[in-house]
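Single-structure report; data block below.
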Amino acid sequence: MEKAEAILIGRSRFSETTLIVQWCCPEMGLFRTIAKGALRPKSPFAGLLDLFVSAEIRFGRAKNGDLHTLTETRWMNPRLGVRQSYGRVLAGTYLVKLIAMVVEPHAPIPGIHDLLTKALDYLNDHSPSIAFVERFELRLAEDLGLVGEFGAARGESALAIEENFHRRLPVQRRQLLEWIKTHSPS
(Lines give C-alpha, C1' and ligand atoms only; values in the text may rest on other atoms or scores of the structure.)
Protein backbone atom coordinates (compact mmCIF):
# COMPACT_ATOMS: atom_id res chain seq x y z
CA MET A 1 0.00 0.00 0.00
CA GLU A 2 1.32 3.44 -0.94
CA LYS A 3 0.57 6.78 0.64
CA ALA A 4 0.65 10.21 -1.02
CA GLU A 5 -0.54 13.76 -0.62
CA ALA A 6 -2.38 14.78 -3.79
CA ILE A 7 -4.91 17.19 -5.26
CA LEU A 8 -8.02 15.69 -6.83
CA ILE A 9 -8.10 17.16 -10.34
CA GLY A 10 -10.72 15.07 -12.11
CA ARG A 11 -13.25 12.32 -11.75
CA SER A 12 -15.39 10.32 -14.13
CA ARG A 13 -17.83 7.50 -13.78
CA PHE A 14 -16.48 4.01 -14.47
CA SER A 15 -19.66 2.12 -13.61
CA GLU A 16 -22.88 2.69 -11.69
CA THR A 17 -21.03 2.80 -8.36
CA THR A 18 -17.35 3.27 -9.25
CA LEU A 19 -15.30 6.36 -10.12
CA ILE A 20 -12.01 6.94 -11.88
CA VAL A 21 -10.24 9.68 -9.92
CA GLN A 22 -7.35 11.74 -11.29
CA TRP A 23 -4.73 13.17 -8.95
CA CYS A 24 -1.83 15.64 -9.03
CA CYS A 25 1.01 14.72 -6.69
CA PRO A 26 4.53 16.21 -6.43
CA GLU A 27 6.30 12.83 -6.50
CA MET A 28 4.04 10.89 -8.88
CA GLY A 29 2.80 13.70 -11.09
CA LEU A 30 -0.58 13.07 -12.67
CA PHE A 31 -2.04 9.64 -12.04
CA ARG A 32 -5.37 7.83 -11.85
CA THR A 33 -7.02 5.62 -9.27
CA ILE A 34 -10.18 3.59 -9.31
CA ALA A 35 -12.48 4.19 -6.34
CA LYS A 36 -14.59 1.06 -6.21
CA GLY A 37 -18.07 1.59 -4.77
CA ALA A 38 -17.46 5.33 -4.29
CA LEU A 39 -21.02 6.18 -5.38
CA ARG A 40 -22.71 3.80 -2.94
CA PRO A 41 -24.55 5.55 -0.09
CA LYS A 42 -22.43 3.97 2.65
CA SER A 43 -19.11 4.16 0.84
CA PRO A 44 -16.07 5.20 2.88
CA PHE A 45 -15.43 7.67 0.02
CA ALA A 46 -18.88 9.32 0.30
CA GLY A 47 -18.47 13.09 0.11
CA LEU A 48 -14.66 12.95 0.07
CA LEU A 49 -13.89 12.86 -3.65
CA ASP A 50 -14.54 16.49 -4.62
CA LEU A 51 -12.61 18.53 -7.17
CA PHE A 52 -9.64 20.58 -6.00
CA VAL A 53 -9.46 18.92 -2.57
CA SER A 54 -5.98 18.20 -1.21
CA ALA A 55 -6.02 14.82 0.46
CA GLU A 56 -3.82 12.19 1.95
CA ILE A 57 -4.58 9.03 0.02
CA ARG A 58 -3.68 5.37 0.21
CA PHE A 59 -3.74 3.20 -2.85
CA GLY A 60 -2.52 -0.09 -4.19
CA ARG A 61 -0.27 0.15 -7.24
CA ALA A 62 -1.54 -1.49 -10.40
CA LYS A 63 0.35 -4.63 -11.38
CA ASN A 64 -0.45 -3.95 -15.03
CA GLY A 65 -1.34 -0.59 -16.50
CA ASP A 66 -1.61 2.74 -14.78
CA LEU A 67 -4.96 2.54 -12.96
CA HIS A 68 -4.20 2.16 -9.26
CA THR A 69 -6.78 1.15 -6.61
CA LEU A 70 -7.78 3.85 -4.13
CA THR A 71 -8.30 2.42 -0.64
CA GLU A 72 -8.49 5.45 1.63
CA THR A 73 -8.69 9.23 1.50
CA ARG A 74 -8.51 11.92 4.16
CA TRP A 75 -9.03 15.62 3.48
CA MET A 76 -6.13 17.93 4.25
CA ASN A 77 -7.49 21.07 2.57
CA PRO A 78 -11.05 20.90 1.17
CA ARG A 79 -10.98 24.37 -0.46
CA LEU A 80 -14.74 24.74 -0.08
CA GLY A 81 -14.50 28.40 -1.14
CA VAL A 82 -13.65 27.40 -4.71
CA ARG A 83 -17.24 26.16 -5.08
CA GLN A 84 -18.67 29.59 -4.20
CA SER A 85 -18.77 30.79 -7.81
CA TYR A 86 -18.81 29.43 -11.30
CA GLY A 87 -15.80 31.63 -12.12
CA ARG A 88 -13.66 30.03 -9.41
CA VAL A 89 -14.58 26.51 -10.54
CA LEU A 90 -13.94 27.47 -14.17
CA ALA A 91 -10.54 28.92 -13.23
CA GLY A 92 -9.58 25.77 -11.32
CA THR A 93 -10.69 23.64 -14.24
CA TYR A 94 -8.61 25.69 -16.68
CA LEU A 95 -5.50 25.43 -14.50
CA VAL A 96 -5.85 21.66 -14.21
CA LYS A 97 -6.48 21.16 -17.93
CA LEU A 98 -3.50 23.36 -18.78
CA ILE A 99 -1.25 21.30 -16.51
CA ALA A 100 -2.59 18.05 -17.96
CA MET A 101 -1.76 19.38 -21.43
CA VAL A 102 1.94 19.90 -20.62
CA VAL A 103 2.84 17.17 -18.11
CA GLU A 104 3.67 13.53 -18.73
CA PRO A 105 1.70 11.11 -16.52
CA HIS A 106 3.63 9.69 -13.55
CA ALA A 107 6.51 12.19 -13.92
CA PRO A 108 7.50 14.04 -10.72
CA ILE A 109 6.30 17.67 -10.80
CA PRO A 110 7.08 19.28 -7.43
CA GLY A 111 7.23 22.84 -8.79
CA ILE A 112 4.03 22.54 -10.80
CA HIS A 113 2.21 20.88 -7.90
CA ASP A 114 3.28 23.75 -5.64
CA LEU A 115 2.09 26.27 -8.25
CA LEU A 116 -1.30 24.55 -8.50
CA THR A 117 -1.61 24.39 -4.71
CA LYS A 118 -0.97 28.13 -4.37
CA ALA A 119 -3.37 28.96 -7.20
CA LEU A 120 -6.19 26.84 -5.76
CA ASP A 121 -5.58 28.29 -2.29
CA TYR A 122 -5.92 31.76 -3.84
CA LEU A 123 -9.16 30.77 -5.60
CA ASN A 124 -10.50 29.48 -2.29
CA ASP A 125 -10.64 33.11 -1.06
CA HIS A 126 -10.72 35.24 -4.24
CA SER A 127 -12.39 35.42 -7.61
CA PRO A 128 -10.08 34.99 -10.59
CA SER A 129 -8.74 37.97 -12.52
CA ILE A 130 -6.93 38.32 -15.81
CA ALA A 131 -3.73 39.08 -13.87
CA PHE A 132 -4.18 35.83 -11.90
CA VAL A 133 -4.56 33.78 -15.11
CA GLU A 134 -1.56 35.39 -16.78
CA ARG A 135 0.58 35.03 -13.64
CA PHE A 136 -0.23 31.30 -13.46
CA GLU A 137 0.60 30.86 -17.15
CA LEU A 138 3.88 32.74 -16.70
CA ARG A 139 4.94 30.67 -13.68
CA LEU A 140 4.03 27.45 -15.51
CA ALA A 141 5.97 28.53 -18.61
CA GLU A 142 8.96 29.40 -16.40
CA ASP A 143 8.82 26.00 -14.71
CA LEU A 144 8.74 24.34 -18.13
CA GLY A 145 11.70 26.44 -19.32
CA LEU A 146 9.69 28.16 -22.04
CA VAL A 147 10.41 31.75 -20.96
CA GLY A 148 13.54 33.33 -19.54
CA GLU A 149 14.13 34.45 -16.00
CA PHE A 150 12.72 37.90 -16.81
CA GLY A 151 9.39 36.45 -17.85
CA ALA A 152 7.35 37.23 -20.92
CA ALA A 153 5.18 40.09 -22.08
CA ARG A 154 1.53 40.03 -21.11
CA GLY A 155 -0.22 37.03 -22.66
CA GLU A 156 2.94 35.64 -24.29
CA SER A 157 3.30 32.79 -21.79
CA ALA A 158 0.08 31.19 -22.98
CA LEU A 159 1.23 31.53 -26.57
CA ALA A 160 4.62 29.98 -25.71
CA ILE A 161 2.87 27.00 -24.09
CA GLU A 162 0.56 26.56 -27.06
CA GLU A 163 3.36 26.77 -29.62
CA ASN A 164 5.82 24.52 -27.78
CA PHE A 165 3.32 21.75 -27.13
CA HIS A 166 1.62 22.05 -30.55
CA ARG A 167 -1.79 21.95 -28.93
CA ARG A 168 -4.48 24.57 -28.54
CA LEU A 169 -5.00 25.95 -25.06
CA PRO A 170 -7.99 24.45 -23.24
CA VAL A 171 -11.32 26.02 -24.22
CA GLN A 172 -11.85 26.92 -20.57
CA ARG A 173 -9.30 29.75 -20.97
CA ARG A 174 -11.52 31.65 -23.38
CA GLN A 175 -14.59 30.92 -21.24
CA LEU A 176 -12.79 32.08 -18.11
CA LEU A 177 -11.55 35.33 -19.67
CA GLU A 178 -15.10 36.06 -20.88
CA TRP A 179 -16.49 35.33 -17.40
CA ILE A 180 -13.89 37.63 -15.79
CA LYS A 181 -14.72 40.48 -18.21
CA THR A 182 -18.44 40.26 -17.42
CA HIS A 183 -18.02 39.86 -13.65
CA SER A 184 -15.15 42.17 -12.77
CA PRO A 185 -15.94 45.53 -11.17
CA SER A 186 -15.74 48.42 -13.63
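A compact table of results
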| quantity | calculated |
| --- | --- |
| Selected residue (only one of Lys3, Lys63 is among the charged types (D, E, K, R) and in contact (Cβ under 8 Å) with a residue 12 or more places away in the chain) | Lys3 |
| Sole residue being within 24 Å of Phe31 (Cβ to Cβ), buried (at least 20 other Cβ atoms within 10 Å of the Cβ) and not assigned by TED's automatic domain parsing to the domain that holds Cys25, chosen from Leu138, Leu176, Leu95 | Leu95 |
| Members of the stretch 55-79 found to be modelled with pLDDT of 95 or more and not in a strand (DSSP E or B), listed by number | Pro78, Arg79 |
| All positions within the stretch 127-146 that are at negative phi and outside any helix (DSSP H, G or I) | Ser127, Pro128, Ser129, Leu144, Leu146 |
| Filtered residue count, the stretch 26-42, keeping only those that are part of a loop (DSSP other than H, G, I, E, B) and touching a residue at least 12 places away in the same chain (Cβ under 8 Å) | 8 |
| Test: residue in the stretch 5-25 that is exposed (fewer than 14 other Cβ atoms within 10 Å of the Cβ), under 29 Å from Asp125 (Cβ atoms) and not hydroxyl-bearing (Ser, Thr, Tyr) | no |
| Residue in the stretch 79-88 that is surrounded by fewer than 14 Cβ atoms within 10 Å (Cβ to Cβ) and aromatic (Phe, Trp, Tyr) present | yes |
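The values are calculated or read from the model by the stated rules, or taken from the named source; none is laboratory data. In this text, all values refer to a predicted model and were calculated from it rather than measured experimentally. Positions of Cβ are generated from backbone atoms using ideal geometry, with glycine treated the same way; all protein chains shown enter the neighbour counts.
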